[in-house]
Amino acid sequence: MKKTWYHRLILSYVPVIFLLITVLIFAALSVISEVSIRETEKANRISARYVMDSLETRLRDIERAVLEEMGGSAALDAFYNPDTPADPLLPYEVSKGLHRLADDHPLIHSIYLYRARDGVVLTLSGLEPAASFGDRAFVEEAAKREGNSPWSGVRGLREWLGEPETEVISLAKRALLPLGGDGIVVVNVKARGLFAIADEMINKDLTYMEIRRGEARLYSSYEGAPGEPSAEPTTRLHSEALGWEVVSGIKPGALLGHLSLLSHLWVWIGGFAIVTSLGYLFYITRSHYKPIENIMKQIQTYHSTAAARQHGSDEFSFIGRVLDTLMNQTAQYEKQYKEDLLVRRRQVFLELLSGRPERSAAQWEELLARLGIGAGARRCTAAVVEIDRYARFREKYSERDRNLLQFAVTNAAQEFAAREGMTVWAEWTDEHRLGVLFLEDGASRESGSPSEVLDRLRTWTPVHLNLSLTAGVGRGREDLTHAGDSYAEALAALRCKMSLGGGRVLRFEDRDGQPAGNIHPYFGRIDSVVRSFRLADEDWDDEVSRLLLALEGDLLRDDGILVLLEYWAGALRRSMEELGGDTLAYWVREAEPELLRAAEELDTLEELLPVWKRTLEELHRQYLAHTDRCGRRGLAGEIRRFIEDDYANADLSLALISDKFGVGAKYASQLFKDEFGMKFVDYLCSLRMEHAKRLLLETDASLPEISQQVGYTHSISFGRTFKKVVGVTPGDYRKYMQPPGPRGMAGESFS
């Protein structure tokens, strides 16, 4: 190479530039490694917190559902109560509640009840003695401990011999509440399903996670041997509610770990290189001080031509790849942050409406401002928007279309609220229910009302989305800590949807102080309608119409109405099974599926009751056609009317009927049983007891007087028969079945 000034300048600066570039590249890689590790540790902490919160939420939901079932189930109380009369259907009723719990919570593997007094275990499959129960050791150990046990560690469960062992986490609660000395309720949760959230939240190539209970390891993300060593954990979270600990960290060697070990060394190397380069530059500058202007021109010329010459070279490709990597990582972090923010917003929303806020009003305002919701908001009003006829909606639209429609409803609610100068926070709390929280500045009262916004929303959706909505609105609260009270009122208003009708806005304040109707009197009327059906009463249609009109005119809660309809269908089912023949076949094939479909798909009594009336009338015609073919309906009807008119006669018997109608007593008995599906004595006893119940509730007559009025000479015989048929003594029936006071059916209020 010629020793020109140009070449000397190039040879002077190239080593410095080469050295600096080399050092800076390695230093940049070291910094990138450190930044990646820190961000990974941060994401790891967020994931660990999310896993811990999810585990606590899921197990608390299951525990709360079990406590609600234990506290509100009359069948469960009867199962553990030693004074309860023997009832072969009781285990079925209790098991039905257990099945409902298992269906509502897919994580539940199994539920069984242990009754201490006779050592019996009731599982989802039926009753069996504890001595032969596969999980006997756990039940007996839980029964020996005082108080309720916390959630257990992972254990193997085998309820029956020959069944494969399943890993579960168990909760043992004492029954009955509050003392819990009657037995044990055991809930087994699938460990694999519970800890699946941990597998979803971690990258097993970069991080590891373990969930421990004391020294026991409940879950580990390591795919190697259990004793495989791990790096020092970066996150340790302890759950006071579960007694568990989540331990998480970064795997050794991940994320350029070999470079991170040299990070501090490269800092010294970089510093030394910079100092050396500066010294070298000063030396070269002194050497070339005189021709400085020519050097500056040559540098400017060199940089302009070098940039063009090196475009697309390997160095630039490498720098471009590094920048792309950094940009992709930044985009992923932003996406993860937004997803975490959405999850956090929904968690905060549910916590605020739960009715158990653990923050003060000022803390709530600060938290909402940090989440970008209603800055400065104080006054709040909660509402619940429900999709009408959701079963049909679910069949009509795919999951993707349902999500789009729900998103459109949320945006429409926010837009209508914004037009009224209000801030709205809306989250889908269930598949068919949208929770809405209207937030207002406490000093401003010029904005519109939540009812107006919701009324505009429910008017807009049928036109633009072909979707009908019903909304329940609670009363406004001046403090965010009472948002849960307003939400509870909104749900209470929505629970009268079947009586008040759908496609409207139901405000709690419109019915404030007006309790819902009592469902207790309807049970007797339903029994009377079913009995009239069995007896082929000519006034049956009018009796059904009066009952349906009473249901439609009364203000009943939705759950109470569904209880009545289920009771009605059950009473008809039992009657059909006793009748058998063509009537039972028609009931199984046509009537019962139609009644159940209507109760499931239709939301209001205005839609539901006409379907029930039409179906029951057709069922009655089928039954009458069957009885007419026998040719003896007229005589049987006369005998029935004679019994109903003369039931108070103490001498009423088959012999008296035989003399009255000129037929043999045996023939009269067989005719009555063939036509009405029950024996003469059973019908007479049932009729007398129905009149006795009415006299006990509607009059102040003494028991001897009532026994005389219903055909019993001695009150002792009357009392014994009443208890056998009804299940309680006449005195207890009068005491506890007086219509409405503070008590409702089985101690539960439907108001």
>> Yes or no: segment 552-570 includes at least one residue that is touching a residue at least 40 places away in the same chain (Cβ under 8 Å), surrounded by fewer than 19 Cβ atoms within 10 Å (Cβ to Cβ) and farther than 29 Å from residue 511 by Cβ.
In response: no
> Out of (1) farther than 28 Å from residue 518 by Cα; (2) of a type in the set (D, E, K, R); (3) modelled with pLDDT of 80 or more, the odd one out for residue 582 is which?
Replying inline: (3)
> Which one of 110, 95 is touching a strand residue (DSSP E or B) at 6+ places or on another chain (Cβ under 9 Å), in a helix (DSSP H, G or I), among the polar types (S, T, N, Q) and modelled with pLDDT of 80 or more?
Replying inline: 95
>> Take the residues in segment 510-524 that are in contact with a Leu (Cβ under 8 Å, 6 or more places away or on another chain) and not in a helix (DSSP H, G or I); name whichever of them is modelled with the highest pLDDT.
In response: 519
>> What are the pairs with Cβ atoms under 8 angstrom where one residue, in segment 110-128, is assigned by TED's automatic domain parsing to the domain that holds residue 190 and touching a residue at least 24 places away in the same chain (Cβ under 8 Å) and the other, located anywhere, is small (Gly, Ala, Ser) and part of a strand (DSSP E or B)? Sequence gap at least six, or different chains.
In response: 113/175; 113/183; 114/183; 115/183; 116/183; 117/183; 123/110; 124/110
>> Among (1) of a type outside the set (A, V, I, L, M); (2) assigned to a helix (DSSP H, G or I); (3) at pLDDT 85 or above, there is one condition residue 732 misses while meeting the rest; what is its number?
In response: (3)
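Yes or no, residue by residue, for (1) modelled with pLDDT of 80 or more; (2) within 21 Å of residue 194 (Cα to Cα); (3) among the aliphatic types (A, V, I, L, M); (4) surrounded by fewer than 20 Cβ atoms within 10 Å (Cβ to Cβ):
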residue: 70; (1), (2), (3), (4): no, no, yes, no
residue: 83; (1), (2), (3), (4): no, no, no, yes
residue: 86; (1), (2), (3), (4): no, no, yes, yes
residue: 103; (1), (2), (3), (4): yes, yes, no, yes
> Out of all the residues in segment 195-214, which are part of a strand (DSSP E or B) and either under 15 Å from residue 167 (Cβ atoms) or among the hydroxyl-bearing types (Ser, Thr, Tyr) (or both)?
Replying inline: 207, 208, 211, 213
> Which residue, of 97, 134, is within 28 Å of the chain's Cα centre (by Cα) and among the small types (Gly, Ala, Ser)?
Replying inline: 97
> Among 465, 494, which is the only one that is within 21 Å of the chain's Cα centre (by Cα) and assigned by TED's automatic domain parsing to the domain that holds residue 359?
Replying inline: 494
> Within segment 655-693, restricting attention to residues that are in contact (Cβ under 8 Å) with a residue 24 or more places away in the chain and farther than 29 Å from residue 625 by Cβ, which residue is surrounded by the most Cβ atoms within 10 Å (Cβ to Cβ)?
Replying inline: 692
> Counting only residues that are touching a Pro at 6+ places or on another chain (Cβ under 9 Å) and buried (at least 22 other Cβ atoms within 10 Å of the Cβ), which one in segment 475-503 is farthest from residue 440 (Cα to Cα)?
Replying inline: 483
> Under 7 Å by Cβ, and 6 or more places apart or on different chains, what pairs join a residue from segment 190-201 that is of a type outside the set (Val, Ile, Thr) with one that is in a helix (DSSP H, G or I) and surrounded by 20 or more Cβ atoms within 10 Å (Cβ to Cβ)?
Replying inline: 194/55; 198/51; 201/47; 201/51
> For segment 73-82, what are the residues that are over 14 Å from residue 115 (Cβ atoms) and in a loop (DSSP other than H, G, I, E, B)?
Replying inline: 73
>> If a residue must be touching a helix residue (DSSP H, G or I) at 6+ places or on another chain (Cβ under 9 Å) and at pLDDT 85 or above, how many such residues does segment 406-423 contain?
In response: 7
> Which of the residues spanning segment 676-710 are part of a helix (DSSP H, G or I) and hydroxyl-bearing (Ser, Thr, Tyr)?
Replying inline: 683, 686, 707
>> Looking only at segment 238-283, filter to residues that are aromatic (Phe, Trp, Tyr) and modelled with pLDDT of 75 or more; which one of those is nearest to residue 32 (Cα to Cα)?
In response: 272
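The values are calculated or read from the model by the stated rules, or taken from the named source; none is laboratory data. Remember, it's a predicted structure, so these values are computed and weren't measured experimentally. Note that each Cβ is placed from the backbone with ideal geometry, even for glycine, and that neighbours are counted across all protein chains shown.
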